[in-house]
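Asker: This structure is in structure tokens; I'll ask about it shortly.
The values are calculated or read from the model by the stated rules, or taken from the named source; none is laboratory data. Computed from a prediction, not measured in an experiment: that's the story for all the values here. Glycine also receives a Cβ, built like all others from the backbone with ideal geometry; neighbour counts cover every protein chain displayed.
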Amino acid sequence: MKFKIKYIIILLLTLSFKVTLAQNDKVESMKVAFITKEVNLTTTEAQSFWPIYNEYNDKVKSLRKNFRANNDSKEDFANDKEAEDFLNAELKLKQNEVDLRKEYTEKFKKIIGVKKTAQLRKAEDKFLRIVINTAKGNGP
């Protein structure tokens with residue numbers, strides 16, 4: 001009986017993980033389509049832009065994953081030093097994100113120009129608002 005329960009739990013977790021991955025892929029596909037349309041990327045621009053944009057996103061995700069791996073293990077801080085270390089690590093994360101954004105903004109400007117790079121930022125924010133409103137049940 002215990003074996004069956006463990007097997008069912010593992011099966012449910014595996015299915016849940018696959019559904020989450022499928023949902024993430026769907027959201028990413030929607031984001032690509034949305035940004036491409038909002039920024040009005042040409043086929044040539046898109047071919048050069050998306051690999052660099054994906055590289056940027058991968059680096060940001062890696063920074064955040066590393067931060068969580070090193071700083072999310074505690075629910076509470078045992079002392080002021082632990083709290084201070086957390087705050088410093090969080091500030092370092094934010095600074096690294098800003099540095100990456102600056103670096104990749106320059107790369108984007110070379111590929112799609114200044115105007116479309118500015119439109120990209122607005123499109124990213126707009127897409128995020130749509131996703132948040134949809135998750136809240138308020139629709140796009």
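Asker: Being surrounded by 16 or more Cβ atoms within 10 Å (Cβ to Cβ) and under 13 Å from Lys31 (Cβ atoms), is that true of even one residue in the range 107-117?
Answerer: No, the range 107-117 has no match at all.
Asker: Select from the range 75-103 the residues that are outside any helix (DSSP H, G or I) and surrounded by 12 or more Cβ atoms within 10 Å (Cβ to Cβ) and list them in ascending order.
Answerer: Passing the criteria: only Phe77.
Asker: Taking the range 22-49 as the region of interest, how many residues are more than 14 Å from the chain's Cα centre (by Cα) and touching a residue at least 24 places away in the same chain (Cβ under 8 Å)?
Answerer: 9
Asker: Working only within the range 89-100, note down all residues that are charged (D, E, K, R) and in contact (Cβ under 8 Å) with a residue 12 or more places away in the chain.
Answerer: Correct list: Glu90, Glu97.
Asker: Filter the range 29-73 down to residues that are within 19 Å of Ile111 (Cα to Cα), assigned to a helix (DSSP H, G or I) and not charged (D, E, K, R), then give me how many there are.
Answerer: Total meeting the criteria: 19.
Asker: Residues in the range 28-74 that are of a type in the set (Lys, Arg), surrounded by 12 or more Cβ atoms within 10 Å (Cβ to Cβ) and closer than 20 Å to Lys126 by Cα: how many?
Answerer: Of the residues in the range 28-74, 1 are of a type in the set (Lys, Arg), surrounded by 12 or more Cβ atoms within 10 Å (Cβ to Cβ) and closer than 20 Å to Lys126 by Cα.
Asker: Anything in the range 119-139 that is of a type in the set (Lys, Arg) and modelled with pLDDT of 90 or more? List them, or say none.
Answerer: Residues satisfying the conditions are Arg121, Lys122, Lys126, Arg129.
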